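Working notes for the structure below.
We did not get these values from a lab; they are worked out from the coordinates using the rules stated. Here the structure is a predicted model, which means the values were calculated and not measured. We place every Cβ from the backbone using ideal geometry, glycine too, and count neighbours over all the protein chains shown.
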Amino acid sequence: MIQRCYKYGKYGILSCYKHIDWKLYFGKKEDDECSERGCSHLNRMINALKYYSKVQVMSNESDKQQFLEFVQETYVSLLSDYVHIMARHCEPAHVDEVQAAKSKEFVLINKCDATNCLLLFFSPSDPNKHRFRASKYLLDGDGDVDDSILFYRDLMDSMHCHLVHSIDIGIRIKTTRKKEENERLKTWKDPKFDYVSRLKCRKHKVYVFATKNCHSRGP
């Protein structure tokens, strides 16, 4: 048990990726801010992208288990940070400002390859790119472990494209507590985002939206 905790849990991650500012994930929610001084949500997400660029979530079992521990036990605000960034830091000009202000952090993200960058995963000439809304885990909506990993992987791919390459691939989410039911959450104010599915992620229900031409790795 101790060996497993060290390998997959917080202590294992801390020991393997010391260049990442892990203390960002252990602060209090009430200490979050988004102002001219900086944005807590962006700081956490950029650090998460540094980590994500160094792991092989689907092809390496150790990395897969560690990634799941990271998104469920360490980066517990990932969903709310995603919502905040896509709402408050979505304009291309603003993303350019973030890239300039955080350039020292972005250079610590591993060089893009097919594993950590969705844009390189696709073949430019491939006419049959997988449509995000056709993902099996979205259609099933079971909320099992493998589904959670695929969903979090797609969110991290989306954030990488958005913050590193200034490309919005077209995924949006709303979150609520598991016990809450609200049909109004199935609509998005921008008509180009369609409701796709509702997923269970630990303590939350996540309402997922996407544009018609949103692509992901699948399945």
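The aspartates and glutamates within cross-link reach of Lys203, meaning a Cα-to-Cα straight distance under 18 Å and a gap of 8 or more places when in the same chain, are Glu69, Glu73, Asp81, Asp142, Asp144, Asp146, Asp147, Glu180, Glu181. Ordered by the number of other Cβ atoms lying within 10 Å of each residue's own Cβ, fewest first, Leu79, Leu24 fall into the sequence Leu24, Leu79. Remark: His84, His94, His160, His165 ranked as His94, His165, His84, His160, counting other beta-carbon atoms within 10 Å and listing the fewest first. A full extension of the chain between Asn182 and Arg198 corresponds to an added length of 4.6 nm, given 0.36 nm per residue minus the alpha carbon distance. The slack in the chain from Lys18 to His130, taken as 0.36 nm per residue of separation less the alpha-carbon distance, amounts to 36.8 nm. Each Lys or Arg adds one and each Asp or Glu takes one away; over the other residues whose Cβ falls under 10 Å from the Cβ of Phe122, this sums to +1.
Top mean-square fluctuation among Tyr51, Tyr82, Tyr17, Gaussian network model of the chain, C-alpha springs under 10 Å? For the chain, modelled as a Gaussian network with Cα springs under 10 Å, the answer is Tyr17. The spacing between the stretch 143-212 and the stretch 87-142, judged by their C-alpha centroids, is 14 Å.
Considering only alpha-carbon pairs that sit under 8 angstrom and 6 or more positions apart, the relative contact order computed for the stretch 100-219 is 31 percent. Which entries of Lys64/Lys192; Lys102/Lys212; Lys104/Lys189; Lys111/Lys192; Lys29/Lys54; Lys102/Lys174 have Cα-Cα distances beyond 29 Å here? Over 29 Å Cα-Cα: Lys64/Lys192; Lys102/Lys212; Lys104/Lys189; Lys111/Lys192. Of the labelled figures (1) 131; (2) 171; (3) 139, only one reflects volume of the Cα convex hull per residue in Å³ as derived from the coordinates, namely (3). Relative to its Kirkwood radius, the Cα radius of gyration of the stretch 134-187 gives an Rg/Rh of 1.01. Ranked for footprinting exposure by Cβ neighbours inside 10 Å, fewest first, Leu108, Leu163 give Leu108, Leu163.
Could you grab the relative contact order for the chain? Cα pairs under 8 Å, six or more apart, rounded to a whole percent. RCO, the chain: 20 percent.
Here is the P(r) of the stretch 104-197: all C-alpha pair distances, binned every 10 Å from 0, give 12, 39, 34, 13, 1 in whole percents. Charge tally for Ile46 (other residues, Cβ to Cβ under 9 Å; Lys, Arg +1; Asp, Glu -1): +2.
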